[in-house]
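Colleague: Questions regarding the structure given below will be posed in turn.
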Amino acid sequence: MRKSLLLTATAMATAMLVLSSAATALAATHGVLTTGKAGGPNVKVHAVLQAGLKARTVVTFTQPGTTNSVKCTRSTFTTKVTANPARPGAAVTSLAALTFAGCKITFTGVRVLSLTVKVPARTTISDARGKPVTVVRPSATIKLRVGTSTLSCTYTGRKISGNASNIGSVISFSKQVLTRSAGSTLCPARGAFSATYGPVVDMSVRGHPHVFVN
């Protein structure tokens, strides 16, 4: 009887150890990005993520130190996941498209013809504190119509930094400065980019679930 109890206790301890190890292994398989909820199914490599502007927000591209600005009421980004490692770490995406529409400038008599961003652009999304998001070497070109003339200016930077949030599955950028690198000197020497996108969804999964950072 004593031997039987000992065997039973040993078996139970072994089972608990196996279950604990399995749970630890499962927890370790969560990627930096998941869908549906934090700790949900991993976002797959090659998945396509997409988001428009957060409701009731606009994109602003302002001239630092002034009230001059370009505001766009519509914008959408599309990006492809190239890496989604197990946490802790940083997921990597490649920006495939970033479009703008409904853009107006504060200058009377000046009209925005287009605002385009060079793609692809490498982006990292980290699960570190603050859930930092970094777009590497961004480049944006704005074309303006002034009377009968067209001005074109390109703005670039080493990077722009933002933050992700699981509340609403959003990504926000605030006053990220880019410098004019080409084009007319009539354009401001610098511009500051601000925007909030969300919810970010996984277009590769049926139902397009929200994307979360673990």
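Taken together, the values in this text are just the output of simple stated rules run on the coordinates, not laboratory data. Computed from a prediction, not measured in an experiment: that's the story for all the values here. All Cβ positions, even for glycine, are placed from backbone atoms using ideal geometry, and neighbour counts span all protein chains on display.
Colleague: Most exposed first by the Cβ proxy, i.e. fewest other Cβ within 10 Å, how do I167, I125 rank?
Modeller: Least to most surrounded, the residues fall as I167, I125.
Colleague: Within the stretch 133-151, which residues have the backbone N less than 16 Å from the label spot 7 Å out from T116 along Cα→beta-carbon, could you tell me?
Modeller: 139-145, 150-151
Colleague: If you don't mind, another one. What are the ³J(HN,Hα) values, in whole Hz, obtained from phi via the Karplus relation 6.51 cos²θ - 1.76 cosθ + 1.60 with θ = phi - 60°, for each residue of the stretch 52-67 in sequence order, with x given for Gly and Pro?
Modeller: Here the 3J(HN,Hα) series is x, 5, 4, 3, 6, 10, 10, 7, 10, 10, 10, 8, x, x, 9, 9 Hz.
Colleague: With an 8 Å Cα cut-off and a minimum separation of 6 or more residues, compute the relative contact order for the chain in percent.
Modeller: 22
Colleague: Which of the lysines could be linked to K159 by a straight reach, that is with a Cα gap under 19 Å, when you skip same-chain ones fewer than 8 residues away?
Modeller: Correct list for K159: K80, K118, K131, K175.
Colleague: Taking amide H positions as placed in the peptide plane 1.01 Å from N, state which residues far from K54 in sequence (5 or more) or on other chains have amide H under 5 Å from it.
Modeller: T196, Y197, G198
Colleague: Also, I was wondering about something else. Of all trypsin sites (Lys or Arg not before Pro) in the stretch 107-214, which ones are in loop regions per DSSP and have a Cβ with at most 14 other Cβ atoms within 10 Å?
Modeller: K118, R129, R158, R206
Colleague: Which three lengths, in whole Å and largest first, does the stretch 90-163 cover when its Cα atoms are put on their principal axes?
Modeller: Extents along the principal axes: 49, 21, 20 Å.
Colleague: Also: List, in order, the whole-Hz ³J(HN,Hα) value for each residue of the stretch 196-207 obtained from phi through the Karplus relation with A = 6.51, B = -1.76, C = 1.60 and θ = phi - 60°; use x for Gly and Pro.
Modeller: 10, 10, x, x, 7, 10, 9, 6, 8, 10, 4, x
Colleague: Could you please rank L115, L151, L33, placing first whichever residue has the fewest other Cβ atoms within 10 Å of its Cβ? Working shown, then result.
Modeller: Values: L115 20, L151 16, L33 28.
Ranking L115, L151, L33 by Cβ neighbours within 10 Å, fewest first, gives L151, L115, L33.
Colleague: Now, a different point. Can you list the residues of the stretch 169-197 with backbone N under 15 Å from a point 7 Å past the Cα of R158, pointing along Cα to Cβ?
Modeller: Only 177-179 fall inside the zone, counting backbone N under 15 Å.
Colleague: Using only the Cα atoms of the chain, each taken as one equal point scatterer with no solvent, compute I(q) by the Debye sum, divide by I(0), and report log10 of the ratio at q = 0.08 Å⁻¹.
Modeller: Evaluating at q = 0.08 Å⁻¹ gives log10 I(q)/I(0) of -0.37.
Colleague: Relative to the longest principal axis of the C-alpha atoms of the chain, give the angle of the C-alpha long axis of helix 2-28, reported between 0 and 90° and rounded to the nearest 10°.
Modeller: Tilt relative to the chain: about 10 degrees.
Colleague: Round to a whole angstrom and tell me the spacing of the C-alpha centers of the stretch 181-214 and the stretch 78-106.
Modeller: 6
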